Structures are given as structure tokens and as C-alpha cells.
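Report on the structure given below.
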Amino acid sequence: MSIDDNIWYAVNQTRIVDEPDSTIETFGMTRIKYFIVTEMLDAVNKIKIHEGIIVSEKPAIITPSHFAQQLVNGFGEEAREYAQWLSQHGEFVKILQYGLQISKEEIKEEVTSGTLEEVTSRVRQSAEADREITTVIQGVENMWEVSLMKFMQGFIAKSVGRNFNELQSHQQTLERQAENQIFDQIEEEFYNAQGDKDKLNLLGQRLQAMGVFGKYEDRFFALLRECS
């Protein structure tokens, strides 16, 4: 898949001025307020500030194609095209693909006077005073959503290691809990089968079906002899 030259221009011109110190929450929602500062194309020393919220639900490991479909809720055509391109190329496929239900809420647009650097500095000060997690981005007017998408690409990449480890650890914990629950049930069934040959035979069948009969074989036959 080729990508429009204007999109590439926006990607290459995007500068992430400030990004969150945190990463994407592994087991909860992540909410980031973005400020995207762009030079207006038809006016000198006029700067537009795009302010909004981007929200992602908790991540899950999914396929690259599903990533492209789910990522871009609320984004325009250029951002969708960029996301689709990312999902098909190696540098992004190597990253953990998230089931991020990302939605974008635009709060306001503001036009102000000054140079790009002057306005960016003022926006940074405002963002630092904000209680929410924030990012400040210099982008390209009319393609600012692509700049926001580039930020999310980097933010996801930064979050991968922590999220993947926590997801794996959580899954292993759930598996251990399920295993312990099964073994507790087996212990209860052994207790209830004492002196009852029919219950003991049913327990033996269950242990064989689970592939763990060998672990309990001596105990099983000891109870079976007691029933004789």
C-alpha cells in the first residue's frame, strides 16, 4: 500500500514537544489531553491550537488488521490511511498490537498570533499546569490528525514492554488460580469418596480424563482397597 505524499510530509514535520511520562494503562482506560499547534497556511504569524481528548480502553493482543479497524474511531480519512499503512509494515507489526478502542474528542480550536515557537511555549506552560495527562505536538494544519496518530504510534511503542509483561503475568496468575481451584475440588472429591466405591470410580474416571491420574494413583488405590 502506497501512502499520499501529503501524509508523509505531515508525518515528517510532526514534532512531539512534550509527551506523558506514563504509559498506556494495562488494565484500565487511558485518557490524554492533546494540544496540537499548527501554523495557518493562509495567514502570517497566525497559529491554530487544536485541543482535545484521546481515550483508549485497556489493551489486548490482537492482529494488525484489527488494529487498523479499531484504532481510528473519530479520525479523518488521512489518519485512517496512515493507520492502515502502519498496520501493514514491519516496523509496527513487530509491536504488540493493541485492541485499543481509541476515540478522539475535539474540545476546541483557537487561533492566536505569534510565531510557532512562541505559541508552543505558551501552550507547554498551560499543559504543565493541567491536572490531566497531556501531550503537546507541533503539526501541520489540515493534516493535524496525522500528527496525533504519529504521537499515538510512539506512545504505544513506549507502552509495549510494560503492558505485555503485565498481561502475561496476569494471565499466568489466572491460570494458577484456576489450577488451584481444580486441585481443591479434587481434594474435596477424595474426601467425599472415602468408603464409597461408586464415587471413587467416578473420581478415577475424572482424573484419567484430566490426565492427572498418575499423580493421585497411589492415593486412589489405597482408598479403593479400603472399600473392598
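Nothing in this text is a laboratory measurement; each read-out follows from the coordinates by a stated rule. All of these numbers come straight from a predicted model, not from anything done at the bench. A quick note on method: Cβ atoms are made from the backbone with ideal geometry, for glycine too, and the neighbour counts reach across all protein chains shown.
The simple Förster model, with R0 at 45 Å and r as the Cβ-Cβ distance, assigns Gln172 and Asn142 a FRET efficiency of 0.40.
Sorted ascending by nearby beta carbons within 10 Å, beginning with the fewest, Tyr82, Tyr216 become Tyr216, Tyr82.
Taking 30 Å as the straight-line reach from the Cα of Lys215, the lysines in range (excluding those fewer than 8 positions away in the same chain) are Lys197, Lys199.
Size estimate for the range 170-227 follows the Kirkwood approach: the inverse of mean 1/r over distinct Cα pairs works out to 12.0 Å. You can think of it this way: the chain between Met40 and Ala129 has 29.5 nm of extra reach, that is 0.36 nm per residue less the Cα-Cα gap. From least to most packed, judged by other beta carbons within 10 angstrom and beginning with the fewest, Leu224, Leu174 follow the order Leu174, Leu224. Note on Phe221 and Phe27: with the Förster distance fixed at 35 Å, the Cβ-Cβ geometry gives a FRET efficiency of about 0.15.
Taking other C-beta atoms within 10 angstrom as a stand-in for reagent exposure, Val44, Val111 fall in the order Val44, Val111, fewest first.
By the rule of a C-alpha distance below 30 Å, with chain neighbours fewer than 8 residues away ignored, the lysines paired with Lys33 are Lys46, Lys48, Lys58, Lys94, Lys104, Lys108, Lys150, Lys158.
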